[in-house]
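**Q** Quick one: this structure, given as structure tokens, is what I'll be asking you about.
Rule-based calculations on the coordinates, nothing more; no lab input. As the structure is a prediction and not an experimental result, all values here were calculated from the model. Cβ placement follows ideal geometry from the backbone for every residue including glycine, while neighbour counts extend to all protein chains displayed.
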Amino acid sequence: MVYPLNQNNYMMTTIADRLADAQHRIIQAAQISSRNSDEIQLLAVSKTKPNTDIIAAYTAGQRHFGENYVQEGEAKVNALKSSCPEIHWHFIGPLQSNKSKIVASLFDWMHTLSREKIAQRLNEQRPDTLQPLNVCIQVNISQESSKSGATVDEVHSLASSISKLPKLKLRGLMAIPTATQDVLLQKAEFKKLQELYLNLQATYPDIDTLSMGMSNDLEQAIEHGSTMVRIGSAIFGERDISGN
Ligand SMILES: *Cc1c(COP(=O)(O)O)cnc(C)c1O
């Protein structure tokens, strides 16, 4: 399937325009797959970007934001608490166990859970005054040893452990498929994730989140059932630090 190119980005100078453009891409992709675009959430990935960019997106109506780095996320959550009170903060980066408390106490979502030990720590550290932390299991869908995430075989046992922890709420799966020009490989990975998600949903009917798709592949992800696309550069522009 050929998708329309993301046109005229050079003319779209404001964050509000690019946000609208990303939403438009989601709506178009949903239509192509005969899906309801209301079931696809846009997560604005603001890592490395200043608070003024977040405020610009918030003013334009965006409410879900994703951050990758614990310290940077902590600073932003605290700085924007009063000016952007309706933000739902999503942690989407790798998490070391010694920093889990910050995520447990400041974030609403955690997308990169792949170890039982971290799940237990987050559960213990989640303050009683807060709703359970929404979590997705990150799957290493390419099965490369260098990549983070649970293996496909580990997903069910990890889900079972998480479902017993009262301060965590299992919402679904997250993955970062191989960055590739190989459309067939990309499709195969998205398809595998979709199957794994539907399979998990058969056991846990309450799960509702398949977090996959980024600026360059959101159309493919939506075609394969994504319910949450994580969009950074298409909204906020390219980042300075390569590899992030
Ligand atoms: C940076 C990042 C994104 C956003 O990537 P873009 O290509 O800028 O849209 C999405 N998900 C994760 C986990 C990321 O680290």
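**Q** Quick one: of Lys81/Lys147; Lys76/Lys191; Lys49/Lys99, which pairs are farther than 31 Å apart, Cα to Cα?
**A** Pairs exceeding 31 Å: Lys81/Lys147; Lys76/Lys191.
**Q** In which sequence would Met214, Met110 go, from the one with the fewest C-beta neighbours within 10 Å to the one with the most?
**A** Starting with the residue having the fewest Cβ neighbours, the order is Met214, Met110.
**Q** Apply 1/(1 + (r/R0)^6) to the Cβ-Cβ distance of Ser83 and Glu154, taking R0 = 35 Å, and write down the FRET efficiency to the nearest 0.05.
**A** Working: r = 40 Å, r/R0 = 1.15.
Rounded to the nearest 0.05, the efficiency is 0.30.
**Q** Given a Förster distance of 22 Å, report the FRET efficiency between Asp38 and Ala16 from their Cβ-Cβ distance, rounded to the nearest 0.05.
**A** In this case the efficiency is close to 0.60.
**Q** Along Cα→Cβ, 7 Å out, is where each label goes; now give me the distance between the ones at Gln125 and Lys147 in nm to one decimal.
**A** For Gln125 paired with Lys147, the spin-label model returns 2.6 nm.
**Q** Let a ≥ b ≥ c be the square roots of the eigenvalues of the Cα gyration tensor of the chain; is it rounded (a/c under 1.5), or, if not, prolate (a/b larger than b/c) or oblate? Please list the in-between numbers first.
**A** Working: a/c = 1.66, a/b = 1.11, b/c = 1.49.
Because a/c hits 1.5 or more and a/b fails to exceed b/c, the chain counts as oblate.
**Q** Could you identify which residue out of Gln138, Gln186, Gln220 has the top mean-square fluctuation in a GNM of the chain using Cα springs shorter than 10 Å?
**A** Among Gln138, Gln186, Gln220, the largest GNM mean-square fluctuation belongs to Gln186.
**Q** Same structure again: Where in the chain are the helices, taken as whole DSSP H runs, whose Cα atoms extend 30 angstrom or more along the long axis and whose Kyte-Doolittle mean reaches at least -1.0?
**A** Those that clear 30 Å and a mean of -1.0 are 183-203.
**Q** Could you give the Stokes-Einstein D for segment 61-136 in µm² per second, using the C-alpha Kirkwood radius, 4 °C, 1.567 mPa s?
**A** 104
**Q** What's the extension gain from Tyr69 to His24 if we count 0.36 nm per residue and subtract their Cα-Cα distance?
**A** This chain segment gains 13.3 nm when fully extended.
**Q** First check a/c for segment 22-165, with a ≥ b ≥ c the square roots of the eigenvalues of its C-alpha gyration tensor; if it is under 1.5, answer rounded, and if not, answer prolate when a/b is larger than b/c or oblate otherwise.
**A** Judged from the Cα gyration tensor, segment 22-165 comes out oblate (a/c at least 1.5, b/c at or above a/b).
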